Amino acid sequence: MSRESGHDQFAVFDEIRDEFFDDAMERLRALEFVLDNGRQGRITRSELIGNFRRLALYLRGQAAGFGLNALCAMAHKLDEYLADAPETLPPRIWADLETYIDELSKQVGSRGTEIQPDFSRLPQKLASTLDDIEIRRIEVMLVAPHGAQSHFVERELRQCGYRTSVVPDTVLALSMVVQTKPDLIIISAVMPGLDGIDLA
């Protein structure tokens, strides 16, 4: 491969990445209007959550492809935050989602010069049964496939007041550990692609 063709490859990569940053920022700005419409009751709960989760999945996929690990981890946190949202949304959701928009905008606005976020300051995920439990600033990452077992273990941890994150993919877990620096990691012994024993 000639030096010129190699330079062209990097130029194309940079161009596509710049397009992603521009598109992601536009989507984040659009979410501010979605959030306002939700606050005013002009859209339904499912529309509000659907818009935010679609953005989270989009950012997570694109960020992983471009090696933007902090952005990928934060998008994963946003998706987790909304995954178990109760039917009646708590009043704190508006401030929480504003926090996510602000933090994601900082990451996207850095255009590849990632700012290391403090993941422990991100809002704790929504749930309908944990209102009276004091949430500690102790982060536990559960690396396990989605299913009844991981759901049960996560629920028990959350009822003890721990902040939890479930990562079903072993490769993503490696990146997430570096970014989020959890206090405790619990790994399933059997994982698709890479055994939990190997990961440990």
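Just so it is clear, none of the values below were taken in a lab; they were calculated from the coordinates. From a predicted model like this one, the values you see are computed outputs, not experimental measurements. Here the Cβ is made from the backbone with ideal geometry for all residues, glycine too, and neighbour counts use every protein chain on show.
Miscellaneous remarks
- For the range 48-69, the residues whose amide N sits under 13 Å from a probe point set 7 Å from the Cα of I16 along the beta carbon direction are 62-67.
- Residue of F66, F52, F21 that the Gaussian network model of the chain assigns the largest fluctuation, springs spanning Cα pairs under 10 Å: F66
- Scanning the chain for long hydrophobic helices, with DSSP H runs required to stretch 20 angstrom or more by C-alpha along their axis and to average at least 0.5 on the Kyte-Doolittle scale, returns nothing.
- Length-normalised contact order for the chain - Cα pairs under 8 Å, 6+ apart - percent: 18
- Zero-based 5 Å bins, Cα pair distances in the chain, whole percents: 1, 7, 15, 18, 18, 16, 12, 7, 3, 2, 1, 0, 0
- Between Q124, Q40, Q107, the Gaussian network model of the chain with springs among Cα atoms under 10 angstrom shows the greatest mean-square fluctuation at Q40.
- R121 versus M25: modelled label distance in nm, points set 7 Å from Cα along the beta carbon direction: 2.2
- The stretch between K181 and E156 holds 6.9 nm of extra length on full extension. This uses 0.36 nm per residue minus the Cα-Cα distance.
- Computed over neighbours whose Cβ is under 15 Å from that of V140, the net charge equals +3, Lys and Arg +1, Asp and Glu -1.
- Put simply, the amide H of L142, placed in the peptide plane, has neighbours under 5 Å in S165, V166, V167, I186, leaving out anything fewer than 5 places away on its chain.
- Within the chain: Cβ-based charge dipole about Cα centre, in debye rounded to nearest 20 (Lys, Arg +1; Asp, Glu -1): 400
- At full extension, T44 and V171 could sit 42.2 nm farther apart than now, given 0.36 nm per residue minus the alpha carbon distance.
- Sorted on the mean count of surrounding Cβ atoms within 10 Å across their residues, most packed first, peptides 80-93, 170-183 read 170-183, 80-93.
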